[in-house]
Amino acid sequence: MRKLLFVLISVVLLTGCGDKTIDASSPENLKKSISDMVSELEGDRLQSFNISMGRIMINSAIEAAGDDKKKQAIIKNKINGKTASEIIKIGENEKLPGEAD
């Protein structure tokens, strides 16, 4: 019984360890999870994250063509459950209109 309890506690603790992810299940959760993530970033990683989020938001707004609900859904699909590193990678692949390859 003790071994099982030890294993369960270890799994819970290890699951809690790791990079924060975006929770886009609601606008409030999205705002909080981005804020929490940003508070842990510094220097170049923070700058890269902010640039990537900007690219994602701009391209999502363009793709949604003025439809706010569609824009939110596009952003949610792109970043929900992602870590800062994953968001930075997504942003690096986002090309803004008129931007050279």
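The values are calculated or read from the model by the stated rules, or taken from the named source; none is laboratory data. Remember, predicted model here, so these are calculated numbers, not experimental data. Glycine also receives a Cβ, built like all others from the backbone with ideal geometry; neighbour counts cover every protein chain displayed.
Points worth noting:
- Subset of the range 80-95 [part of a helix (DSSP H, G or I) and not basic (Lys, Arg)]: Ala84, Ser85, Glu86, Ile87, Ile88, Ile90, Gly91, Glu92, Asn93
- The C-beta contact set for the range 62-86 (first residue touching a residue at least 60 places away in the same chain (Cβ under 8 Å) and closer than 15 Å to Thr21 by Cβ, second residue crowded, with 17+ Cβ neighbours inside 10 Å and among the aliphatic types (A, V, I, L, M), distance under 6 angstrom, 6+ apart or interchain) comprises Lys82/Ile22; Ala84/Met37.
- Within the range 29-48, the set of residues being of a type outside the set (D, E, K, R) and touching a residue at least 40 places away in the same chain (Cβ under 8 Å) comprises Leu30, Met37, Leu41, Ser48.
- Selection status of Glu42, over 16 Å from Glu94 (Cα atoms) and at pLDDT below 95: yes
- Residue in the range 10-24 that is polar (S, T, N, Q) and modelled with pLDDT under 90 present: yes
- Restricting the range 53-99 to residues that are hydroxyl-bearing (Ser, Thr, Tyr) and under 19 Å from Val38 (Cα atoms), the residue that is surrounded by the most Cβ atoms within 10 Å (Cβ to Cβ): Thr83
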